[in-house]
């Protein structure tokens, strides 16, 4: 009788089989792990090994420059470049006589203005925290002699400390990781202001601490242990040293036969510099102290501008101190400098228009203003001005604050800003929407808590950096009427001569649409509607078109989507799909209410009207000059046909009549014909429209000459308080700039 063989776990043959299987599995796992480490992660671990075995020093790349052109002379002008200034550092472990060094170096690098500024901030802070009036009276500014002594003492202390606190993590890390480290209660470790500090004298077991912290940073325990020793660490004595002072220090070290200054060193560092100061600052943006472009072109092209850092490696021995092997091979990977960028901006035009805009904002008591000049047939931006602006060489000054004294009644009237705990709006005039931001700081003094209030010195803070031309969406108001009229004429729903009896008031849904001008009542033509900016008339036109077709023309003109101009933060505007429109919205959209656009969208749409009906791609970058010698030029890019040439000609004639006979009359230029339309847009508070001076956005857009337009000009003033109407504010600035453009571009008169 045969039967199934029984398996006995004590059977030697079975044991060997199981062992073989286990060995195969283990070998397979090891092989897969080795493949992952040696092949997949080869480059990463090679870098780690290099950093441990070699002294690993980064060589900075020079950031690419940004140019604009003076079209009168043809000269290229640097508006963003680099300066090389020295940083003075010291290695306290090898300085023999600290006092000799301090005595000679302190007078050379002492800057009395900087020290006075720092002392002023110190006094302001101490006064805020003083408990009594008597304590406040004791707080005094230091004399110049006292400031120098304080500076000298700090310098001497700095070069005397052979073991100093070490910043282990200076980059932003996850808050959870910091909290986890903090919860461990590690001796010699402190977390403050998002940074992880180590205090070497307090650390008893560096090896143990290094093994704990290594998982939070890209360093091996051995390298971290070396850092935690706090030795052979350089201390920075001064940055951005005047070149003349640098030369003196170098000479001092060269003549140092007694090696008193052995341990000092100078190293070159690149700094971003804007020689034209505030010129086109909102176009350019700025570069942070970490070398990162923020806002504008500096942000959009940050990767191309910053280039690629190089590497200098010096071989070290395997000891914990990482001593340099002087006979070891050094490897240099040279830095690759960033690409240069040339903008389409005309320097003379930009400079003149910025000055004119600043004066207008002040004269009309507006919050701010923007001006754009575009070449009609190419979409090339010749000027893009903002006021107020900022100095990118000192960009942080835009965020400087100062304490303000608010009465208890004023404090009770502060309006909390949504999404913040300690930021408020203070309304100087509620009706005019005249307000500024107030920041509240809580001061804890023992058991007593009190508050101080601050505002930005420039009144606007971060807003100073914004390029409102591309990021500032707003309701365009009556400046949108030519877009509506273009759609109607192009679709042959009306002609310029089409007329109808306007009752002066149009009722739709639960609303009444009214006009400002009495000329809009009675028999009016399409020409009269644009001349006198008739809301009821353009509403009638919109109903003739129909919501489907009207919406399609809006999209064809580029509204509701980004233009693609070379900036990161472009706003697409807001236009709901026509199926969502109420009857009243069809009418109000016709005169630019209930939709939002951006200045760059508006001027691009008007350019299509001016150049025969073709929507052009706006651009502000002329070319990118790569460091490999290749130049990438921006080509003129037609997007699509929006309206016919005949429609373009008719709308141009109607807009010319608006300047000659209508609401844009104040924009007229002697001896020249212009085509233009004003717009006065309402602003809102709590969803309700505001009215009166200081509550509107006044704009005007136009072009000239009317037969072959060379420029499109956009002017916008935000909340002018001298008048709420565009024809009394923005139109005059438009006239002055247009007069300048005709002269600057050498355009001959076309009007007798």
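The numbers here are math on the coordinates, done by the rules we state, and not lab data. Since this is a predicted model, take the numbers as computed values, not measurements. Neighbour counts are summed over all protein chains in view; Cβ atoms, including those assigned to glycine, are modelled from backbone coordinates with ideal geometry.
Is any residue of the range 606-621 close enough, with backbone N under 20 Å, to a label point placed 7 angstrom from the Cα of residue 645 along the Cα-Cβ axis, and if so, which? Residues 606-617 qualify, since their backbone N sits under 20 Å from the label point. A Förster distance of 41 Å, applied to the separation of the beta-carbon atoms of residue 242 and residue 671, puts the FRET efficiency at 0.15.
Listed options for Rg and Dmax of the Cα atoms in Å are (1) 43.1, 160; (2) 35.7, 116; (3) 34.3, 128. The value calculated from this structure is the one marked (3).
Using Cβ contacts closer than 10 Å as the measure, can you line up 700, 706 from fewest to most? The most exposed by this proxy come first: 706, 700. Relative contact order of the chain, taken over Cα pairs closer than 8 Å and 6 or more residues apart, is 13 percent. As a proxy for reagent exposure, ranking 680, 525 by other Cβ atoms within 10 Å from fewest up yields 525, 680. In the chain, the longest principal axis of the Cα atoms and the axis of helix 599-610 are about 40 degrees apart.
Extending 7 Å from the Cα toward the beta-carbon at both residue 399 and residue 136 defines two label points whose distance is 2.9 nm. Taken over the C-alpha atoms, the range 401-456 has Rg and Dmax values of 12.1, 42 angstrom.
The stretch between residue 179 and residue 420, if pulled fully straight at 0.36 nm per residue, gains 84.4 nm over its current Cα-Cα span. Here the label points at residue 509 and residue 267, each 7 Å from Cα along the C-beta direction, are separated by 6.4 nm in the simple model. Helix 481-490 and the long axis of the chain differ in direction by around 70°, with both axes built from C-alpha atoms. Ranking of 678, 634 by neighbouring Cβ atoms within 10 Å, starting from the fewest: 634, 678. Taking label positions 7 Å along the Cα-Cβ direction at both residue 452 and residue 110, the computed distance is 2.8 nm, reported to one decimal.
The angle separating the long axis of helix 730-744 from the principal Cα axis of greatest extent in the chain is about 80 degrees.
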